[in-house]
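A short worksheet on the structure shown next.
The values are calculated or read from the model by the stated rules, or taken from the named source; none is laboratory data. Here the structure is a predicted model, which is why all the values come from computation and not from measurement. Neighbour counts are summed over all protein chains in view; Cβ atoms, including those assigned to glycine, are modelled from backbone coordinates with ideal geometry.
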Amino acid sequence: MSDSKEEQPNDFVQWRHAPAKHWLYCPLCRGPLANQSWDGRERRYCTHCGFVYWERALPAVAVLVFEPIRQEILLVTRRYPPYAGGLTFPGGGIEFGESVAEAAVREVQEETGLLVSLDSQFGTWSTPGNHTIITFFRAHPVDGEIKAGSDALEAGFYRWNKVLSLAFSLHDMVLNLFRTEMEMTIAGPQK
């Protein structure tokens, strides 16, 4: 792995969201797909039924769970690639039929065993490769006991100012924004 904080190249994106070039047959009628220009881009198109494969970024959530009394944040150790073994905020994909907020609460509970209350939206950013758009929330724990879920090796609280870095560059950027916010809160208003 290189020293830069770029996203790790691997086949992870291919199995969760296959690029258009990997689509050979129409998912509706099973006819062969061809290339056709739509809206200025080359897209996979079914000449039989008219299906067009629109490549879109996947929506996801991540949650910065802050425990104010101990001044700690909740992190999980990833079980699966990319960055298996790396620390991240709990989060994941938004399932069909659920809101962004519902996905955030569900993902934290699935990965850590904790029920959280969302405090605010922290921001929304695209991953460096623009494959995923992640909405980050701030939350605090309200119930449950920490227990790593099926896609996490470990889950635990860490001092917000002691974590060196997170596995994904976008999570790392959000952690640094949170640190700046915390430092400004501690320092108080400047005169």
Hey, could you check the stretch 150-179 for residues that are touching a helix residue (DSSP H, G or I) at 6+ places or on another chain (Cβ under 9 Å) and surrounded by fewer than 18 Cβ atoms within 10 Å (Cβ to Cβ) and say which is modelled with the highest pLDDT?
156
Criterion (in contact with a Cys (Cβ under 6 Å, 6 or more places away or on another chain), crowded, with 16+ Cβ neighbours inside 10 Å and either closer than 27 Å to residue 138 by Cβ or at pLDDT 90 or above (or both)) met by exactly one of 49, 26:
26
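What strands (runs of 3 or more DSSP E) completely inside the stretch 102-191 contain at least 2 residues that are free of Cβ contacts under 8 Å to residues at least 24 places away in the same chain, in contact with a strand residue (DSSP E or B) (Cβ under 7 Å, 6 or more places away or on another chain) and not acidic (Asp, Glu)? Even if it seems obvious, please write down each step before you answer.
Numbers: elements: 114-126, 132-144, 152-159.
Hits in the stretch 102-191: 114-126.
Scan the stretch 34-92 for residues that are among the charged types (D, E, K, R) and in contact (Cβ under 8 Å) with a residue 40 or more places away in the chain and jot them down. Before you say what the answer is, go through the steps one by one.
The initial filter retains those residues of the stretch 34-92 that are among the charged types (D, E, K, R), namely 39, 41-44, 55-56, 67, 70, 72, 78-79.
Once the filter is applied, which keeps residues that are among the charged types (D, E, K, R) and in contact (Cβ under 8 Å) with a residue 40 or more places away in the chain, the stretch 34-92 yields 67, 70, 72, 78, 79.
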